[in-house]
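The values are calculated or read from the model by the stated rules, or taken from the named source; none is laboratory data. Note that the structure is a prediction, hence the values are computed from the model and not measured. Cβ placement follows ideal geometry from the backbone for every residue including glycine, while neighbour counts extend to all protein chains displayed. Ligands, DNA and RNA are stripped out before the accessible areas are found, and what is left, the full protein with its side chains, is counted by its heavy atoms. Shrake-Rupley method; radii C 1.70, N 1.55, O 1.52, S 1.80 Å.
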Amino acid sequence: MSSDDIENKARPASSGHASLKVGEAVVGRENLSAAIPPDDLYEGKHRWDPLVTWTPEEEKKVVRKTDIWLMSWLCVMFFGLQLDRGNLSNALADKFLVDMKLTTDDLNNGTTIQLLAFLSAEFPVQFLTKRYGFRVVLPAMMFAWGTVSWAQAWIHDRAGFYVTRALIGACEGGFIPGAILYATYFYTSSELSVRLAVFWSTLNVARVISALLAAGILQMRGIDGRPGWFWLFLLEGILTVILAIISFVYLPKSPTHTQGILFRKPWYTEREEIIMTNRILRDGPSPPPPQGNTSDPAADPAKGLTALNEPATLQDIRNTWSDSSLWGLFFIGLVAYIPATPVTGYISITLGDMGFSSFNINMLSIPSAVLQIITMLILAKSSDYFKERTFHCLFGELWIMPLLIALIAIPDGGREWGRYACVTLISGYPYFHPIVTSWISENTFDVKKRALAAATYNVIVQIGSLIGSQIYRAYDRPYFKQGNKVLVSICALAVVTFLVQRWVLVSKNKKKEEKWAAMSAEERSAYQNDVAARELDGNNRLDFRFVY
C-alpha cells in the first residue's frame, strides 16, 4: 500500500478525530481503528498514531516479549488459584472426610458454599479492578486466598470446613475475568483464544503438579501428630502467599507503563510501545487493511475509549445485560460445562471406590489433566485458524456425551479399568471455555461492556458448577448412574443451545447487511463519522459484525 493510500485510509481530521471520506465507509471493526481516536485519558494515547506501520517481524517480537513477561506470570498466578481451589480433591485421598466426620453430601454443600461466595465477589471485584487497577487488585486477592488456604489446615469440624470454603470462594471470585480483561490490553482478539487456552492449561498443569505434590506431602501423615492433608493445605497456601507478594511488584499497569520495583526499565522500547498501542487499537495487520478486507474480524479500537481505571456504572451493567447477542453465550456458560463437572470433581472418590490407594489415586488423576491440556490447545488453535467458534465448542460436548452413555451402560461390579478409561476421557475432554470467553470478547464493542460481560459469564459458569456439584448424590454411589442420565440430558441441551446461538448471530448479521446495503455512500460515510453515536451504539452498529 502506498503512502497516499495510507493517508486516504487513516488521516486524522482537523478536529482531532479521524474521519472516513465519502465512499470509504467500511464494515467490521478491523477497519474502524483510524476512525475512532483514543480517549484523552487512555494510557497509551501518547503512543497512538493512525499512520504508523510496522513489519510482521517487529510485531512478533513484541508479542513474544508479552508472552514471556506477562502471560507466563498470569499463568503462574492462575496456578496458585487452582492449587488452592483444587487441593481439597487431593485431600480426599487422605481420608479427609473420615477425619472431619463429613459425608459426600457435606462435601457437596461445602462446594456449593464456596461457589456462592465466589459468585458474590465477581461483580465487586470488577468494579475494584476498574477503580484501583489490575496490578493492585489481582495480587491482593491472591494474598487473601493464599492466607485462608494455609489457615484451613487447622480446621477440625464441619463448621470450620464451611467457613474456609466460603472465605476461599470470596477471595478468588472475580480473579479469572479480571485477569482475562487485563490480558486484552496486551493482546489482539485473534491472539486471545490461544493465550486463554494456555492460561486455562495452567489449570491442568496445576492438577498434575498438585497430584505429584500431594502424592509426596500426604506421606507426611503422622508428623507432629498431624494428618497428611494438614501439611498439604499449609505448604501449598504458603507457596501462594509468596507468589502473591512477588506479583505486587511484578505486574505492569499497562503496555506503556511497565516500570516498577523489579523493572527499572520498560519492557518495551518507545518504538515497541507505539506498535503495542496501535496494534491493539487496530487489532489487525499493519497498515490498516484495505477496504473490503474482512479476513480478521478482531480490530478493537474501542479499547482506546476507556481508561484502565475508568469505573463502570449501573448503566453499563444494564447495557450489558440487555444485549440479546450475549444471552445465548450466557446460557451456554450455565449448561455447557455441567456434564464434565461432577465426573472431574469426584474422580478421587470414584477411584477410591474402585479400591486404589491414596498414592495411586493421585497418580491416576494425572492422565486426564495431561489429555485436557493437549485437546484444549489443539481445539483453540484450530478455532483461531478457521476463525470459527460454534462447531469447535460443539466438538467438546459431542466428545463427552457417548462417554457418559458408556458409564450408564457398563454393568455394576468389576470392569474398573473400563470405568476408569471413561472417567479419564471425560475429565480430559477438549475444554472450550477459552473459546467462549474469547467469543464474548469479540462480540462486545466497548471495554466496560466486555468486563461486565466476562464477569456475568463467569458468574453464570459458577452457577453451572454449583448445579453440577449437586448432581452426584450419596444414594447414587458408587456408579452414579442416575446422575449420569441427568448429565446426558444437559449435554443434549448444550448442543441445541450452541446451534440456536449461531442462528441468532447469523440472523443479526444478515439484518445489518440488509440495512447497510440500502444506504448510499454518503450516508455510510456520515454514519461512520458520527463519533458520539459510534461510541454509544457499540455492537449494535450496522458496521459491526458478530463472530460465530
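Could you provide, to the nearest whole Å², the per residue accessible area of the chain with probe 1.4 Å?
Working: 20880 Å² over 548 residues.
Per residue, the chain has an accessible area of 38 Å².
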Query raised in the report: Counting each DSSP H run of 4 or more residues in the chain as -39500 (n - 2.57), what helix-only mean residue ellipticity at 222 nm follows after dividing by all residues, to the nearest 500 deg cm²/dmol?
Result: -21500 deg cm²/dmol
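Would you list Ser201, Ser358 from the most to the least accessible area, probe 1.4 Å?
On the way: Ser201 10, Ser358 40 Å².
From most exposed to least exposed: Ser358, Ser201.
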Report task. Quick one: which residues, 5 or more positions from Tyr187 or on another chain, have an amide H under 5 Å from its amide H? H modelled 1.01 Å from N in the peptide plane, none for Pro or chain starts. Result -> none
Report summary line: Ordering Asp543, Asp105 by the accessible surface of their heavy atoms, 1.4 Å probe, largest first, yields Asp105, Asp543
Requested in this report: In whole angstrom, note down how far apart the Cα centers of the stretch 183-214 and the stretch 79-127 are.
Outcome: 21
Report summary line: Debye calc, one equal point scatterer per Cα of the stretch 367-513, no solvent, log10 I(q)/I(0) at q = 0.08, 0.18 1/Å comes to -0.28, -1.20
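Largest first, how would Cys491, Cys171 line up by accessible area (1.4 Å probe)? Don't jump to the answer; show the numbers that get you there.
Working: Cys491 0, Cys171 30 Å².
Ranked from most to least accessible, the order is Cys171, Cys491.
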**Report entry** the chain: projected area of the alpha-carbon convex hull, averaged over directions, in nm²
**Finding:** 24.6
Report summary line: Computed over the chain: longest principal axis from alpha-carbon atoms vs helix 366-386 long axis, angle to nearest 10 degrees, is 20
Report summary line: Total charge of the residues flanking Asn90 in space, meaning their Cβ is under 15 Å from its Cβ, with Lys and Arg +1 and Asp and Glu -1, is 0
Query raised in the report: When the Cα centres of the stretch 465-516 and the stretch 427-445 are compared, how far apart do they sit, in Å?
Result: 14
Query raised in the report: Within the stretch 380-456, which chymotrypsin sites (Phe, Trp or Tyr not before Pro) sit in a loop by DSSP and count at most 10 neighbouring Cβ atoms inside 10 Å?
Result: none
Requested in this report: Enter the Cα centre distance for the pair the stretch 312-343 and the stretch 140-171, rounded to the nearest angstrom.
Outcome: 28
Report task. Note the per residue figure in Å³ for the convex hull of the C-alpha positions in the stretch 411-456. Result -> 91
Query raised in the report: Within a Cβ distance under 13 Å of Val249, other residues only, what is the Lys/Arg minus Asp/Glu net charge?
Result: +3
